[in-house]
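The values are calculated or read from the model by the stated rules, or taken from the named source; none is laboratory data. Quantities reported herein were computed from a predicted structural model and do not represent experimental measurements. Heads up, the Cβs are rebuilt from the backbone with ideal geometry, glycines too, and the neighbour counts pull from every protein chain shown.
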Amino acid sequence: MELEVEDSYAWKKPPSTAVKCNVGSAWSASNSTSGAAWILRDSGGEAVLHSRRSFVGVRSQLEADMIAHVWTSEALSDLKLNRVILETSSSQLPQFLALQAVPRTLHILWKRLRKALDHIKCRHFLVRKECNRVASAIATSALQSQWHQSYISANGPRWLNACIRREASHAA
């Protein structure tokens, strides 16, 4: 599995034959918790679905990034989605996906990811943080004490509608 690099500074719409899923993660070292989120958008840039979840006992940003990617891939597989463009801004994830530097403690996550990805057709991209703002904001919200609830919902979160619309209107 390979992570392609997208060098743009702006979020781009997926082609009409695919959907784009941006994956975000956030980690709190002081609480050993992480937040994970994904947002799925169509070729018009419209949010179709999004989800957020908190995880406890997370030991590093790499583990938070891996958990978010595994959890997202499993959700996409459960939803039976195909032709997905997965985007992340995790700088540590490329080594994990290439299986070059997977710590022994994280091999189970690698196996779960491989299993989920066997059921979906997708391409993975590493994008700049500017292209992953919405997913990152949702993931960060999962760390807030009053927002630990996990969910999957249609569209995007209302509090990010302006950002989602702005990205879609400026996307190529």
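Overview of results
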{"read-out": "Selected residue [of a type in the set (G, A, S), under 15 Å from the mean Cα position of the chain (by Cα) and not in a strand (DSSP E or B)] from A64, A26, A37", "value": "A64"}
{"read-out": "Flag for Q146 being modelled with pLDDT under 85 and either in contact with a Gly (Cβ under 8 Å, 6 or more places away or on another chain) or in a loop (DSSP other than H, G, I, E, B) (or both)", "value": "no"}
{"read-out": "Top-ranked residue of segment 1-23 - restricted to ones that are among the aliphatic types (A, V, I, L, M) and assigned to a strand (DSSP E or B), ranked as nearest to S169 (Cα to Cα)", "value": "V19"}
{"read-out": "Scope segment 54-101; condition surrounded by fewer than 18 Cβ atoms within 10 Å (Cβ to Cβ), closer than 22 Å to E130 by Cα and modelled with pLDDT of 90 or more; matching residues", "value": "Q61"}
{"read-out": "Pairs, first among the acidic types (D, E) in segment 33-55, second not in a strand (DSSP E or B), C-beta under 7 Å, six or more apart", "value": "E46/A168"}
{"read-out": "Those residues of segment 50-79 which are farther than 14 Å from A26 by Cβ and of a type outside the set (S, T, N, Q), in sequence order", "value": "H50, G57, R59, V70, E74, A75, L76, D78, L79"}
{"read-out": "Residue list for segment 149-172, restricted to those being touching a Gly at 6+ places or on another chain (Cβ under 9 Å) and either within 21 Å of L81 (Cβ to Cβ) or in a loop (DSSP other than H, G, I, E, B) (or both)", "value": "I164, E167, A168, A171"}
{"read-out": "Single residue of segment 150-172 satisfying the filter (touching a residue at least 40 places away in the same chain (Cβ under 8 Å) and polar (S, T, N, Q)) that is surrounded by the fewest Cβ atoms within 10 Å (Cβ to Cβ)", "value": "S169"}
{"read-out": "Any hit, segment 111-131, residues being at pLDDT 90 or above, buried (at least 19 other Cβ atoms within 10 Å of the Cβ) and part of a helix (DSSP H, G or I)", "value": "yes"}
{"read-out": "Out of S77, S91, sole residue that is of a type in the set (G, A, S), in a helix (DSSP H, G or I) and over 16 Å from T140 (Cα atoms)", "value": "S77"}
